[in-house]
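Here the structure is laid out as structure tokens; the discussion comes afterwards.
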Amino acid sequence: MNRTHTVLAICLLSATMVAWLLTSRDHQPGAPSRVPASTVNDLDVQANLATQSSSGQRDTELPETDHLERILGIDVRKDRPCTVEIRYVVDSESSTSTEAYVCIPDETEEQDPYESWDASTLAALAYGDAHAAAVLGLRHVVSENRMEEVLGLALLYRSVALSGDLDTFKKAIGLRYSVVEIDAEPNLHNLKQLAVFATIASRLGDDSLHPDRYFERLRQHVPDEEITTILTGVDAVLETMAAIQTGATGDTTIREALENA
């Protein structure tokens, strides 16, 4: 096995437990990774739609209105780093298209050179380069292929372990996991992954993703045993992240956070 394949295998194993939690019955392969106009999104990701109840009233979790502005008929955060547009998202399986709100990232003067590198180059760097792991991971998590998504998550965990940059999770949420409701039905796949991201961040000292919010929603739809399994999976991923951080950098920050929890 060459180095590239070895790196990918290590990353894949580090996320196996959490990937297993997001079972295929909760996964919605036909759902676009962008934001459909008929969905409800979490408000803590950039340029989210305002949460709506089935009656059309705003959810009580909405932030103060001075944080929002109305564009194209929806409420979005004023501090978004992107431009809201309406486009059509094509479902590759059914060949149908859906009108969707998308938020196009604002252009910056400097282009990230990593974005132009192919997967093999990024994979070869991902062992010790957190940014390479993040760029490749974000490419994979938007895939509707189950194993591609799992691999992407593994790379993101590795990236955070190497860099300590929890904003990597927020980027993944914005790209793939912000949709928490589709046609008044909960998107359990995304809710579980949001709970995983938020719990890992919280255990590492950042409560900005509010894990309790996602677990409260999940408890309305899944048994307590499944909640316990998610938390057990988070423990396993954190242990792997601690081992990655110490082994690759000598840093023990994650290990110390786990021991002091």
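Points to keep in mind about this one:
- Remark: accessible surface ordering of MET241, MET147 (largest first) is MET147, MET241, probe radius 1.4 Å.
- Shape of region 165-235, Cα gyration tensor, a/c cut at 1.5: oblate
- Spatial separation of Cα centroids for region 113-153 and region 205-261, in angstrom: 22 Å
- Shape of region 124-261, Cα gyration tensor, a/c cut at 1.5: oblate
- Accessible-area composition of region 132-261, carbon plus sulfur, in percent [1.4 Å probe]: 48 percent
- Working from label points 7 Å from Cα in the Cα-to-Cβ sense, the TRP117 to THR253 distance is 2.1 nm.
The values are calculated or read from the model by the stated rules, or taken from the named source; none is laboratory data. None of these values were measured; they are calculated from a predicted model. With ideal geometry, Cβ positions are generated from the backbone for all residues, glycine too; neighbour counts draw on all protein chains shown. Note: accessible area is taken over every heavy atom of the protein model, side chains too, but ligands, DNA and RNA are not part of it. Shrake-Rupley method; radii C 1.70, N 1.55, O 1.52, S 1.80 Å.
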